[in-house]
Amino acid sequence: MVSGKDVFTKLQRKLKFGQIGGGRDAFIGAVHRRAAISDGFTEFVAGALSSTAEKAKLSGEDLLLNPARNYGSWQEMLEKESALPDGERIDFVSIVTPNHAHFEPAMTFIKAGFNVIMDKPMVLNSEQAQALIKAVEENDIVFGLTHNYTGYPMVKEARHLVRTGKLGKIQRVVVEYPQDWLLTKLEAEDQKQAAWRTDPARSGIAGAVGDIGSHCENLVSYITELEIETLCADLNTFVSGRQLDDDASVLLRFKNGARGILWCSQISTGEENGLNIRVYGTKGALYWRQEEPNYLYFTPPGGPVEVHRRGADYLCQAAQRATHIPAGHPEAFFEAFGNIYMNFTDTIRAKLEGREPTGLELDFPTVYDGARGVKFIEKVVASSKTDQKWLPFD
Ligand SMILES: NC(=O)c1ccc[n+]([C@@H]2O[C@H](COP(=O)([O-])OP(=O)(O)OC[C@H]3O[C@@H](n4cnc5c(N)ncnc54)[C@H](O)[C@@H]3O)[C@@H](O)[C@H]2O)c1
């Protein structure tokens, strides 16, 4: 049985969005565009898709954007979209630029009253994160962050099992995200995605920790709802001449007394996107693998392993809502990404319809999650630079 979401919108039109970044040769912008329209109630109508006006326009032409809304810069998009009437103007903007180009467009669009969804890590430092929180609160806009792994149905089920006490008290968490694509000095070959990710001016103070360690932190927080009390980090740069970390080990102590290990790496030979999480409680353990996302493993003490499967009737409401095709037809990265957009856009619709969004609709990463992620990056980098064993998180 597949329920997916109910079609309940009273808004008699699709939501409209514009994108900043995601031009020719870009990676994640195309995923966002596909995710945003995946439930059929949102359309892509405007863009400032690249860092130069010329490439931005060419990128928009590739995507058959209406020439009048194919902008040369995000500043132009803001000015021209602001002048359009309600219902025609974009309802939200999707920001998919490299990390250094998140804060300024986000702040400017938020202050102009636009809803914003953007990719992680949210901004470059906690000062920017706090300013963004203030702007979101003051302007009463809907803000989403694409920590997309929390969009998977079986991740939602994992959280549900923890919340409903199936694991008992959590004592141990192990999360890892190994990749191997930066095993060589790819940035020296001018590979676009490697170039900015290893450049402190565009990536921020961390490499692998910001790029994928931030996803680990977010996944642990989403599933377990545990709060980090102190941490001890060891960052390394294996590739000679690289400016930022490409491998990190982090020990975590949580406020409830649980202990954790977080490992992220971009030089781990043979690994693709090996995001895995294990959570051990007094009454049971969970295991979820991103590369096999339709299954969640639960093991009670002394008992056989239970395999919980996407598409089954026994799953929680949040997991069922995030499921779109029957069990056995795999859903994966695109669908999980689409689920973040589905809840984000349903929350915008609720607002436009003048009703409170439901708990299920509000199930997407927020500006507060983004700020915690930025703080995590800062603390991990600071910890790695000192000889002090445990660094307080708060
Ligand atoms: N959630 C995920 O799984 C995931 C995966 C990949 C990347 N990301 C994040 O998404 C962001 C983009 O990463 P990417 O790998 O797609 O980068 P990319 O280099 O492939 O693409 C970035 C795009 O932004 C454009 N751009 C840069 N400055 C701009 C500006 N001022 N105005 C308009 N466009 C501008 C570039 O021209 C390019 O088209 C990063 O923050 C990254 O951390 C998230």
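The values are calculated or read from the model by the stated rules, or taken from the named source; none is laboratory data. Since the model is a prediction, treat every value here as computed from it, not as a measurement. Here the Cβ is made from the backbone with ideal geometry for all residues, glycine too, and neighbour counts use every protein chain on show.
Determine whether the stretch 232-243 contains at least one residue that is closer than 19 Å to Ile277 by Cα, in contact with a helix residue (DSSP H, G or I) (Cβ under 6 Å, 6 or more places away or on another chain) and buried (at least 19 other Cβ atoms within 10 Å of the Cβ). Yes, the conditions are met somewhere in the stretch 232-243.
Taking each residue of the stretch 193-209 that is assigned by TED's automatic domain parsing to the domain that holds Asp25 and looking for partners that are crowded, with 17+ Cβ neighbours inside 10 Å and not polar (S, T, N, Q) with beta-carbon atoms closer than 8 Å, six or more apart or interchain, yields nothing.
Answer with yes or no whether Gly18 is part of a loop (DSSP other than H, G, I, E, B), buried (at least 23 other Cβ atoms within 10 Å of the Cβ) and either within 15 Å of the ligand (Cβ to nearest atom) or on the phi > 0 side of the Ramachandran plot (or both). Against the criterion (part of a loop (DSSP other than H, G, I, E, B), buried (at least 23 other Cβ atoms within 10 Å of the Cβ) and either within 15 Å of the ligand (Cβ to nearest atom) or on the phi > 0 side of the Ramachandran plot (or both)), Gly18 does not qualify. Looking only at the stretch 141-169, which residues are more than 16 Å from the ligand (Cβ to nearest atom), within 20 Å of Arg372 (Cα to Cα) and not in a helix (DSSP H, G or I)? Correct list: Ile141, Val142. Select from the stretch 62-82 the residues that are closer than 19 Å to Met118 by Cα and hydrophobic (A, V, I, L, M, F, W, C) and write down the one among them that is nearest to the chain's Cα centre (by Cα). My answer is Trp74. When the stretch 37-54 is filtered for residues that are of a type in the set (Gly, Ala, Ser) and either closer than 17 Å to Met118 by Cα or within 16 Å of the ligand (Cβ to nearest atom) (or both), the ones remaining, listed by number, are Ser38, Ala46, Gly47, Ala48, Ser50, Ser51, Ala53. Against the numbered list (1) crowded, with 18+ Cβ neighbours inside 10 Å; (2) among the aliphatic types (A, V, I, L, M); (3) more than 22 Å from the chain's Cα centre (by Cα), Leu251 comes up short only at (1). As a summary of the residue check, Asp25 satisfies the conditions (1) touching a helix residue (DSSP H, G or I) at 6+ places or on another chain (Cβ under 7 Å); (2) within 14 Å of the ligand (Cβ to nearest atom); (3) in contact (Cβ under 8 Å) with a residue 60 or more places away in the chain; (4) not in a loop (DSSP other than H, G, I, E, B) except for the one numbered (4). For the stretch 186-198, the count of residues that are within 11 Å of the ligand (Cβ to nearest atom), closer than 17 Å to Met122 by Cβ and within 22 Å of the chain's Cα centre (by Cα) is at least one. Scanning for something within 12 Å of the ligand (Cβ to nearest atom), assigned to a loop (DSSP other than H, G, I, E, B) and either at pLDDT 95 or above or outside the structural domain of Asp211 (by TED's automatic domain parsing) (or both), does the stretch 72-89 turn up at least one residue? Checked against the condition, which is being within 12 Å of the ligand (Cβ to nearest atom), assigned to a loop (DSSP other than H, G, I, E, B) and either at pLDDT 95 or above or outside the structural domain of Asp211 (by TED's automatic domain parsing) (or both), the stretch 72-89 yields at least one hit.
How about the stretch 90-127: which of its residues are more than 10 Å from the ligand (Cβ to nearest atom), outside any loop (DSSP other than H, G, I, E, B) and under 12 Å from Gly47 (Cα atoms)? Those that are more than 10 Å from the ligand (Cβ to nearest atom), outside any loop (DSSP other than H, G, I, E, B) and under 12 Å from Gly47 (Cα atoms): Phe92, Val93, Ser94. Restricted to helices (runs of 4 or more DSSP H) entirely inside the stretch 288-394, those with at least 1 residues that are within 26 Å of Arg259 (Cβ to Cβ) and in the same structural domain as Ile223 (by TED's automatic domain parsing) are 367-385.
Determine the pairs where a residue that is touching a residue at least 24 places away in the same chain (Cβ under 8 Å), located within the stretch 306-320, has a partner that is buried (at least 18 other Cβ atoms within 10 Å of the Cβ) and of a type in the set (Ser, Thr, Tyr) with Cβ atoms under 8 Å apart, the partner being 6 or more residues away or on another chain. What qualifies is Arg310/Thr323; Gly311/Thr323; Leu315/Thr323.
Residue-by-condition table, conditions (1) farther than 28 Å from Leu296 by Cβ; (2) in a strand (DSSP E or B):
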| site | (1), (2) |
| --- | --- |
| Leu182 | yes, no |
| Ala194 | yes, no |
| Ser221 | no, no |
| Ile261 | no, yes |
